[in-house]
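Enquirer: Okay, handing you the structure first.
Read-outs throughout are calculated quantities, based only on the coordinates presented, and are distinct from any laboratory measurement. Note that this is a predicted model, so its numbers are computed, not measured. Cβ atoms come from the backbone with ideal geometry, glycine included; neighbour counts cover every protein chain shown.
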Amino acid sequence: MKKVMFVIPALSGGGAERVVLYLLKFIDRKRYIPELVVFDKKGELLQYLPSDIRVYSLKKRIHNISGVQWLVFLELARLFKRQQPDFIISFMWYTNFITLTAGVCSYKCLSNIIVSERYSISRSLEGRLVEWIRRKVIRFLYPKAKKVIVNSESLKEELIYFCRLPDERVITIYNPVDIEYIRTLSIEEVEENIFDDKIPIVLAIGRLTKQKGFDYLIKAIHTINSDGLRTYLVLLGQGREEERLKELVKKLQIEDRVFFLGFKNNPYKYLARATVFVLSSLYEGFPNVLLEAMALGVPSVATRCPTGPEEIITDGINGVLVPPADEKTLAKAIKRLLLDERLRRRLSSYAKKRAEEFEVRRIVREFEQVILS
């Protein structure tokens with residue numbers, strides 16, 4: 001049996017963290033011993049970790065990670081030396097930087113390290129300095145990894161061009177969706193009485209950051225209500241943009257139309273009761289939540305942002321695609337779905353079929369094939 005060590009900063013509620021959780025849950029225990037390394041043992045998804053997973057938390061040995069981040073790769077290098085994993089799979093650029101550097105320090109060899117990049121290189125709102133550092137890390141360190149796993153063909157093309165990597169070194173594996181699990185959770189009752197009203201609900205899920213484009217969605221909802229079509233917008237998530245978004249809602253005088261419900265351990269019971277789901281992002285990696293909405297048969301509108309939505313949705317067949325950062329077109333698409341029940345039913349039916357192609361066990365087997373190769 002081979003020891004596979006997954007590395008990620010924490011188990012917060014993001015897409016990459018959910019993928020790691022799925023891998024830890026469904027990887028073949030007859031072939032592999034999965035372990036988890038986190039910079040800090042915290043996050044909303046920690047409670048769902050399988051009981052047989054051994055967790056190494058670097059913060060136990062580093063009292064202030066944010067203040068002395070250069071110590072992280074030293075501690076990780078020591079861990080690699082002690083545990084001698086057969087394979088290491090790291091997620092997200094900062095973690096990949098730490099992991100590859102630790103690999104050099106511990107093994108003098110990077111032949112067993114696989115890194116996974118989840119977000120577009122061409123579009124990012126990380127900030128100029130952070131993005132400059134990210135690009136340097138990706139360009140100069142990713143070629144040292146044994147394989148690079150990405151979650152969309154568009155991102156694969158970006159990496160091959162940007163890092164001058166051979167095609168066979170970059171592997172596309174789409175994000176998984178645990179259809180059975182989310183459908184089970186979706187039948188739970190919701191407490192919020194807005195779902196009892198006979199008013200259509202537009203729902204969005206994600207961190208409240210600029211990346212998610214929620215300001216454009218809020219403006220679109222304002223336009224729809226101004227046109228006389230009464231609808232609610234429900235936002236699930238937390239983030240640094242929350243106060244700014246609430247100020248925008250107040251400015252547009254739609255406080256009775258927009259509801260911030262915060263992070264929910266079970267977002268699926270809300271998602272299943274939405275009339276329309278909207279992904280308004282400016283950029284993505286591969287949006288899990290869009291797949292989850294489709295798995296539940298919720299008619300969906302998504303932006304053609306880099307990367308992911310255009311590889312999930314066939315416009316007009318199993319969902320609707322619109323340009324990013326365009327609240328007018330977004331409003332038209334949402335309004336069209338709200339008014340056309342027949343269209344919603346058709347999109348719902350084909351969306352469910354499309355989501356089945358990303359079923360979690362099938363995707364986990366693809367990760368195992370990369371390890372075997």
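Enquirer: At a Förster distance of 22 Å, what's the computed FRET efficiency of Phe263 paired with Gln83, Cβ-Cβ distance as r, to 0.05?
Expert: 0.10
Enquirer: Another one. Most fluctuating residue of Ile173, Ile199, Ile114 in a GNM of the chain with Cα springs under 10 Å: which is it?
Expert: Taking springs between Cα atoms under 10 Å, the residue moving most is Ile199.
Enquirer: For region 129-268, what are Rg and Dmax over the alpha carbons, in angstrom?
Expert: 20.3, 57
Enquirer: Now for a different question. Name the shape class, rounded, prolate or oblate, that the alpha-carbon gyration tensor gives for region 299-373, where a ≥ b ≥ c are the square roots of its eigenvalues, rounded holds for a/c under 1.5, and otherwise prolate holds if a/b is larger than b/c and oblate otherwise.
Expert: Oblate is the answer for region 299-373, as a/c is 1.5 or above yet b/c matches or exceeds a/b.
Enquirer: Now for a different question. So, in nm, how far is label Arg31 from label Val104 when the simple model puts each one 7 Å beyond its Cα toward the Cβ?
Expert: About 3.2 nm, to one decimal.
Enquirer: What is the dipole size for the chain, taken about its Cα centre, with +1 at each Lys and Arg Cβ and -1 at each Asp and Glu Cβ, in debye to the nearest 20?
Expert: Dipole about the Cα centre, nearest 20: 1100 debye.
Enquirer: Where does each of Leu71, Leu245 land when they are ranked from fewest to most other beta-carbon atoms within 10 angstrom?
Expert: Least crowded to most crowded, the residues run Leu71, Leu245.
Enquirer: Would you please classify the overall shape of region 2-172 from the alpha carbon gyration tensor, given that a ≥ b ≥ c denote the square roots of the eigenvalues, rounded means a/c under 1.5, and beyond that prolate means a/b larger than b/c while oblate covers the rest?
Expert: Rounded, because the longest to shortest axis ratio a/c is under 1.5.
Enquirer: Let me ask something additional. Using +1 on the beta carbon of Lys and Arg, -1 on that of Asp and Glu, and nothing else charged, what's the dipole of region 180-358 about the Cα centre, debye to 20?
Expert: Using only the charged Cβ atoms, the result is roughly 420 debye.
Enquirer: Given a Förster radius of 25 Å and the C-beta distance between Thr172 and Arg139 as r, what FRET efficiency does 1/(1 + (r/R0)^6) yield to the nearest 0.05?
Expert: With a Förster radius of 25 Å, E is 0.80.
Enquirer: Rounded to the nearest angstrom and ordered from largest down, what semi-axes does the equivalent ellipsoid of the chain get from its C-alpha gyration tensor (root of 5λ)?
Expert: For the chain, the ellipsoid semi-axes come out as 37, 21, 20 Å.
Enquirer: So how much slack lies between Asn193 and Ile53, counting 0.36 nm per residue of separation and subtracting their Cα-Cα distance, in nm?
Expert: 46.5 nm
Enquirer: Highest mean first, how do 19-31, 250-262 rank when packing is the count of other Cβ atoms within 10 Å averaged over residues?
Expert: The densest-packed peptide leads the list: 19-31, 250-262.
Enquirer: If you don't mind, there's one more thing I want to ask. From the C-alpha gyration tensor of region 180-358, pull out the three semi-axes of the equivalent ellipsoid (sqrt of 5λ each), sorted largest to smallest, in whole Å.
Expert: Square roots of five times the eigenvalues give 22, 18, 17 Å.
Enquirer: Which residues does the label zone of Arg362 cover in region 156-181, counting backbone N under 18 Å from a point 7 Å along Cα→Cβ?
Expert: Counting only backbone N, you get 172-181.
Enquirer: Assigning unit charges at the beta carbon (Lys, Arg +1; Asp, Glu -1) and nothing else, what dipole magnitude in debye, to the nearest 20, does region 2-172 show about its Cα centre?
Expert: Its charge dipole is roughly 560 debye.
Enquirer: Lysines near Lys41 by alpha-carbon distance under 19 Å, same-chain residues fewer than 8 away left out - which ones?
Expert: Candidates past the 8-residue exclusion: Lys25, Lys59, Lys60.
Enquirer: Using Cα pairs under 8 angstrom and six or more residues apart, how large is the relative contact order of the chain, in percent?
Expert: So the answer I get is 14 percent.
Enquirer: In whole Hz, with x marking every Gly and Pro, tabulate ³J(HN,Hα) for region 186-199 from phi via Karplus 6.51 cos²θ - 1.76 cosθ + 1.60, θ = phi - 60°.
Expert: 5, 8, 5, 6, 9, 8, 5, 6, 5, 7, 8, 5, 8, 10
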